[in-house]
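Trainee: Got a structure here, written out as structure tokens. Questions coming.
The values are calculated or read from the model by the stated rules, or taken from the named source; none is laboratory data. No experiment lies behind these values; they were computed from the predicted model shown. In this analysis, Cβ positions are derived from the backbone assuming ideal geometry, glycine residues included, and neighbour counts consider all displayed protein chains.
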Amino acid sequence: MKRKYINQLVLFFLIFSMSFSILIKEDVYAIQFQTPNIIDNAPPKISSLSNDKWTLMTKNVGDLPRSVIVGDANNDGQNDIVMVNMEGTSISILLWNITSMDWNVPIIKVARDGVCDVVIEDANNDGQNDIVTSNLSDESVSIFLWDPVLNDWLPSIRVKVEGPPHGVSIADANNDGQNEIITPNGGTNNVSILLWNTTSRTWNKIVTRMIVGMSPWSVDVGDVNNDGYNDIITADIYYKVISILLWNINPPPTEESGGPFPIPDYNIIFLLSSIGVILIIIINKSLKDRKPLDNKP
Ligand SMILES: [Ca+2]
Ligand SMILES: [Ca+2]
Ligand SMILES: [Ca+2]
């Protein structure tokens, strides 16, 4: 009888210890991920929650970080962090300081209303990384070009796009060796492509390509079908589809294209998965009413 009482006591103690341990662990995690609404320039906190692969660090960066990206923002050979401040119009740039082995005080850059996404890439094809934001409410992108002479960013350039851009990507979308700026425009059925003009060394007027869906939220550029040419792919949250603008180097000649040398452009493929069966439809879009997708003025 006495032995049974001791066993019950040990069991109760074990359950109580486990519950307490779980509570403590949850509390620690809650503390690690909090982001107060103040800029805190203190060094990153190093968590006690380290394991054999990663050490968890946090840094208080300001109000509601919406999007974040890593890249060499100031072209000094060191990767930096750029984040979007949701509910505001700004981005924070955390440059890595190789002397202090820490991030400098965040640099705040004002974009436009509803800044939503950010990317670090060479937007103007001069070999220097730039920063570009998509601005949801303003239906625009803000381009922060890096000037290697000034060793600083030039004042931002605002370019309107064809709808509220939930995302932004910089890549060679038309396979001419030059980067473009591409946005998926939420609430529409299109993407905007800002083509770089190698002659004038600036951007051509924006061109639009229709996709399937009503609200593309994300866009990426890559060789989707492994034919050596980049394609554009979007994710549409409303129609539950991904659309692929498949680059076609040899589109069929049409009357509108003026003969046997049509301008290379995209076919549209979309994958419809909401009915449980993947349906693939290829649309060979006519070149009629299209602005040419080359990099000439
Ligand atoms: Ca850097
Ligand atoms: Ca650049
Ligand atoms: Ca290009």
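Trainee: Can you tell me which residues in the range 174-202 are small (Gly, Ala, Ser), touching a Phe, Trp or Tyr at 6+ places or on another chain (Cβ under 9 Å) and at positive phi? Reasoning before the result, please.
Mentor: Going through the range 174-202, the residues small (Gly, Ala, Ser) turn out to be 177, 186-187, 192, 200.
With touching a Phe, Trp or Tyr at 6+ places or on another chain (Cβ under 9 Å) added as a condition, the list becomes 186-187.
Within the range 174-202, just Gly187 meets the criteria.
Trainee: Okay, moving on. Which one of Ser134, Ser156 is surrounded by 24 or more Cβ atoms within 10 Å (Cβ to Cβ) and either farther than 19 Å from Ile91 by Cβ or of a type outside the set (A, V, I, L, M, F, W, C) (or both)?
Mentor: Ser134
Trainee: Kindly check whether there is at least one residue in the range 97-104 that is touching a residue at least 24 places away in the same chain (Cβ under 8 Å) and buried (at least 20 other Cβ atoms within 10 Å of the Cβ). Break it down stepwise before answering.
Mentor: Within the range 97-104, the first condition is being touching a residue at least 24 places away in the same chain (Cβ under 8 Å), and the residues that meet it are 102-103.
Those still in the list that are buried (at least 20 other Cβ atoms within 10 Å of the Cβ) too: none.
No - not one qualifying residue is present in the range 97-104.
Trainee: Something else now. Please verify whether Gly177 is away from ligand 1 (no atom under 16 Å from the Cβ) and either at pLDDT 95 or above or surrounded by fewer than 23 Cβ atoms within 10 Å (Cβ to Cβ) (or both), treating the condition exactly as stated.
Mentor: Details: away from ligand 1 (no atom under 16 Å from the Cβ): yes; either at pLDDT 95 or above or surrounded by fewer than 23 Cβ atoms within 10 Å (Cβ to Cβ) (or both): yes.
It is true that Gly177 is away from ligand 1 (no atom under 16 Å from the Cβ) and either at pLDDT 95 or above or surrounded by fewer than 23 Cβ atoms within 10 Å (Cβ to Cβ) (or both).
Trainee: Can you name every one of the strands (runs of 3 or more DSSP E) wholly within the range 197-275 that holds 3 or more residues which are at pLDDT below 80 and within 29 Å of Ser140 (Cβ to Cβ)?
Mentor: Filter on the range 197-275 gives 265-272.
Trainee: Take the range 139-184 and flag every residue that is within 20 Å of Val224 (Cβ to Cβ) and not in a loop (DSSP other than H, G, I, E, B).
Mentor: Once the filter is applied, which keeps residues that are within 20 Å of Val224 (Cβ to Cβ) and not in a loop (DSSP other than H, G, I, E, B), the range 139-184 yields Ser169, Ile170, Ala171, Glu180, Ile181, Ile182, Thr183, Pro184.
Trainee: Restrict the check to the range 110-119 and report whether at least one residue is surrounded by fewer than 18 Cβ atoms within 10 Å (Cβ to Cβ), in contact with a strand residue (DSSP E or B) (Cβ under 9 Å, 6 or more places away or on another chain) and closer than 18 Å to Ala171 by Cα.
Mentor: Step one: of the range 110-119, the residues surrounded by fewer than 18 Cβ atoms within 10 Å (Cβ to Cβ) are 110, 113.
After this cut, where a residue has to be in contact with a strand residue (DSSP E or B) (Cβ under 9 Å, 6 or more places away or on another chain) as well, the list is 110, 113.
After this cut, where a residue has to be closer than 18 Å to Ala171 by Cα as well, the list is none.
Scanning the range 110-119 turns up no residue that is surrounded by fewer than 18 Cβ atoms within 10 Å (Cβ to Cβ), in contact with a strand residue (DSSP E or B) (Cβ under 9 Å, 6 or more places away or on another chain) and closer than 18 Å to Ala171 by Cα.
Trainee: Condition (residue is free of Cβ contacts under 8 Å to residues at least 12 places away in the same chain and more than 16 Å from ligand 3 (Cβ to nearest atom)) applied to the range 153-165: is it met by at least one residue? Write out each step before concluding.
Mentor: Step one: list which residues in the range 153-165 are free of Cβ contacts under 8 Å to residues at least 12 places away in the same chain, which gives 154-155.
When the remaining residues are screened for being more than 16 Å from ligand 3 (Cβ to nearest atom), the result is 154-155.
Yes.
Trainee: With the structure loaded, tell me whether Asn190 is under 26 Å from Asp227 (Cβ atoms) and within 15 Å of ligand 3 (Cβ to nearest atom) or whether it fails that test. Please lay out each step first, then the result.
Mentor: Numbers: under 26 Å from Asp227 (Cβ atoms): yes; within 15 Å of ligand 3 (Cβ to nearest atom): no.
Criteria not met by Asn190.
Trainee: Then there is this: Just the residues that are of a type in the set (S, T, N, Q), away from ligand 1 (no atom under 15 Å from the Cβ) and at pLDDT 95 or above, please, taken from the range 85-131.
Mentor: In the first step, residues of the range 85-131 are kept if they are of a type in the set (S, T, N, Q); the result is 85, 89-90, 92, 97, 99-100, 104, 124-125, 128-129.
Going one step further and asking which of them are away from ligand 1 (no atom under 15 Å from the Cβ), we end up with 85, 89-90, 124-125.
Result: Asn124, Asn125.
Trainee: For the range 64-88, how many residues are without any contact (Cβ under 8 Å) to a residue 40 or more places away in the chain, in a loop (DSSP other than H, G, I, E, B) and under 21 Å from Val168 (Cβ atoms)?
Mentor: Within the range 64-88, residues that are without any contact (Cβ under 8 Å) to a residue 40 or more places away in the chain, in a loop (DSSP other than H, G, I, E, B) and under 21 Å from Val168 (Cβ atoms) number 5.
Trainee: Taking Asn129 as the residue in question, decide whether it is crowded, with 16+ Cβ neighbours inside 10 Å and touching a residue at least 60 places away in the same chain (Cβ under 8 Å). Spell out how you get there, then give the answer.
Mentor: Numbers: crowded, with 16+ Cβ neighbours inside 10 Å: yes; touching a residue at least 60 places away in the same chain (Cβ under 8 Å): no.
Considered against the rule, which asks whether it is crowded, with 16+ Cβ neighbours inside 10 Å and touching a residue at least 60 places away in the same chain (Cβ under 8 Å), Asn129 comes out as no.
Trainee: Cβ-Cβ distance below 9 Å, separation of 6 or more or different chains: which pairs start in the range 183-201 with a residue that is free of Cβ contacts under 8 Å to residues at least 60 places away in the same chain and end on one that is surrounded by fewer than 20 Cβ atoms within 10 Å (Cβ to Cβ) and of a type in the set (Gly, Ala, Ser)?
Mentor: As it stands, the answer is Pro184/Ser215; Pro184/Ser218; Pro184/Ala235; Asn185/Ser215; Gly186/Ser215; Gly187/Ser215; Thr188/Ser215; Asn189/Ser215, since those pairs meet every condition given.
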